[in-house]
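So the structure is just underneath, and the comments pick up after that.
The values are calculated or read from the model by the stated rules, or taken from the named source; none is laboratory data. Nothing here was measured: the structure is a model prediction, and the numbers come from that model. For neighbour counting, all protein chains shown are included, and Cβ atoms are generated from backbone atoms with ideal geometry for every residue, glycine included. We work out accessible area using only protein heavy atoms, side chains counted, and drop any ligands, DNA or RNA first. Shrake-Rupley method; radii C 1.70, N 1.55, O 1.52, S 1.80 Å.
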Amino acid sequence: MNSKIEELKQLLENDVLVELIESIEEVEDQVTTEEDKEELQYLKDLKRYFDETLKAIEEDKLSIQQAEDILAALENMKNEDDF
(Lines give C-alpha, C1' and ligand atoms only; values in the text may rest on other atoms or scores of the structure.)
Protein backbone atom coordinates (compact mmCIF):
# COMPACT_ATOMS: atom_id res chain seq x y z
CA MET A 1 0.00 0.00 0.00
CA ASN A 2 1.29 3.43 -0.90
CA SER A 3 2.44 5.61 2.00
CA LYS A 4 -0.13 8.36 1.26
CA ILE A 5 -2.95 5.83 1.19
CA GLU A 6 -1.67 4.27 4.43
CA GLU A 7 -1.39 7.74 6.00
CA LEU A 8 -4.98 8.49 5.01
CA LYS A 9 -6.22 5.16 6.37
CA GLN A 10 -4.52 5.71 9.72
CA LEU A 11 -5.74 9.30 9.95
CA LEU A 12 -9.32 8.31 9.20
CA GLU A 13 -9.38 5.34 11.58
CA ASN A 14 -7.52 6.87 14.50
CA ASP A 15 -8.46 10.53 14.38
CA VAL A 16 -11.03 11.79 11.92
CA LEU A 17 -13.76 9.20 12.40
CA VAL A 18 -13.29 9.15 16.17
CA GLU A 19 -13.80 12.92 16.35
CA LEU A 20 -16.63 12.81 13.85
CA ILE A 21 -18.53 10.16 15.81
CA GLU A 22 -18.13 12.22 18.99
CA SER A 23 -19.41 15.32 17.19
CA ILE A 24 -22.41 13.43 15.80
CA GLU A 25 -23.30 12.17 19.28
CA GLU A 26 -23.02 15.67 20.74
CA VAL A 27 -25.18 17.23 18.04
CA GLU A 28 -27.76 14.42 18.22
CA ASP A 29 -28.25 15.17 21.91
CA GLN A 30 -28.86 18.87 21.24
CA VAL A 31 -30.93 19.00 18.04
CA THR A 32 -33.55 21.70 18.50
CA THR A 33 -33.45 23.87 15.38
CA GLU A 34 -33.41 23.33 11.64
CA GLU A 35 -29.79 24.48 11.66
CA ASP A 36 -28.96 21.71 14.16
CA LYS A 37 -30.66 19.17 11.89
CA GLU A 38 -28.66 20.41 8.91
CA GLU A 39 -25.40 20.23 10.87
CA LEU A 40 -26.22 16.70 11.99
CA GLN A 41 -26.99 15.64 8.42
CA TYR A 42 -23.73 17.21 7.21
CA LEU A 43 -21.75 15.31 9.84
CA LYS A 44 -23.50 12.05 8.97
CA ASP A 45 -22.84 12.59 5.27
CA LEU A 46 -19.20 13.30 6.02
CA LYS A 47 -18.94 10.12 8.09
CA ARG A 48 -20.54 8.11 5.28
CA TYR A 49 -18.01 9.55 2.81
CA PHE A 50 -15.07 8.63 5.04
CA ASP A 51 -16.51 5.15 5.64
CA GLU A 52 -16.74 4.70 1.87
CA THR A 53 -13.17 5.96 1.53
CA LEU A 54 -11.96 3.35 4.02
CA LYS A 55 -13.86 0.68 2.13
CA ALA A 56 -12.20 1.79 -1.12
CA ILE A 57 -8.80 1.57 0.59
CA GLU A 58 -9.53 -1.93 1.87
CA GLU A 59 -10.62 -2.99 -1.63
CA ASP A 60 -7.52 -1.35 -3.16
CA LYS A 61 -9.71 0.94 -5.26
CA LEU A 62 -8.39 4.32 -4.06
CA SER A 63 -5.76 5.98 -6.22
CA ILE A 64 -2.75 7.78 -4.82
CA GLN A 65 -4.10 11.02 -6.31
CA GLN A 66 -7.46 10.54 -4.57
CA ALA A 67 -5.67 9.89 -1.28
CA GLU A 68 -3.57 13.02 -1.69
CA ASP A 69 -6.67 15.07 -2.53
CA ILE A 70 -8.52 13.80 0.54
CA LEU A 71 -5.50 14.43 2.77
CA ALA A 72 -5.31 18.00 1.44
CA ALA A 73 -9.03 18.50 2.07
CA LEU A 74 -8.67 17.14 5.61
CA GLU A 75 -5.81 19.54 6.24
CA ASN A 76 -7.98 22.43 5.04
CA MET A 77 -10.85 21.30 7.25
CA LYS A 78 -8.51 21.04 10.23
CA ASN A 79 -7.26 24.56 9.61
CA GLU A 80 -10.82 25.86 9.39
CA ASP A 81 -12.07 23.72 12.31
CA ASP A 82 -14.95 22.36 10.21
CA PHE A 83 -15.02 19.10 12.11
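Any idea how many Lys pairs in the chain come in under 22 angstrom at the alpha carbon, given 8 or more places apart or on separate chains?
15
Are there any helices in the chain, counted as whole DSSP H runs, that stretch 20 Å or more along their axis by Cα and score at least -0.5 on average by Kyte-Doolittle, and if so which?
Qualifying helices: 64-80.
Take ASN79 and ILE21, extend 7 Å from each Cα along the Cα→Cβ direction, and tell me the distance between the two endpoints in nm.
For the pair ASN79/ILE21, the computed spacing is 2.9 nm.
Using the heavy atoms of the protein chains alone and a 1.4 angstrom probe, what is the accessible area of the chain per residue in square angstrom? Don't skip to the end; give the middle numbers.
On the way: 5710 Å² over 83 residues.
Per residue, the chain has an accessible area of 69 Å².
Quantify, in whole percent, the carbon and sulfur part of the accessible surface of the chain (1.4 Å probe; protein heavy atoms only).
Numbers: 2490 of 5710 Å².
Here carbon and sulfur together make up 44 percent of the probe-accessible area.
In nm, to one decimal, how far is the modelled label at ALA56 from the one at GLN10, with both set 7 Å along Cα→Cβ?
In this crude label model, ALA56 to GLN10 measures out at 2.1 nm.
Please give the contour-minus-distance gain from GLN66 to ASP45: 0.36 nm per residue of separation, less the Cα-Cα distance, rounded to one decimal in nm.
Details: separation 21, 0.36 × 21 = 7.56 nm, distance 1.84 nm.
Result: 5.7 nm gained on full extension.
Sort out for me the Cα centre separation of the stretch 1-30 from the stretch 38-83, rounded to whole Å.
Centre-to-centre distance over Cα atoms comes out at 8 Å.
For Kirkwood radius over Cα pairs in Å, several values are listed as (i) 13.5; (ii) 12.9; (iii) 14.0; flag the one computed from this structure.
Calculated Kirkwood radius over Cα pairs in Å: the matching label is (i).
Return a whole-number percent for the relative contact order of the stretch 9-77, with Cα pairs under 8 Å and 6 or more residues apart as the contact set. Intermediate values should be presented prior to the final figure.
Values: 21 pairs, mean separation 21.9, N = 69.
The value is 32 percent.
Counting helices only, and only those DSSP H runs with n ≥ 4, report the 222 nm mean residue ellipticity of the chain as the sum of -39,500 (n - 2.57) divided by its residues, in deg cm²/dmol to the nearest 500. Each step should come with its number before you reach the end.
On the way: 4 runs with 63 residues, N = 83.
That calculation yields -25000 deg cm²/dmol at 222 nm.
State the extension gain, in nm to one decimal, for the chain segment bounded by SER3 and GLU28, taking 0.36 nm per residue of separation less the distance between their alpha-carbons.
Gain in length upon complete extension: 5.5 nm.
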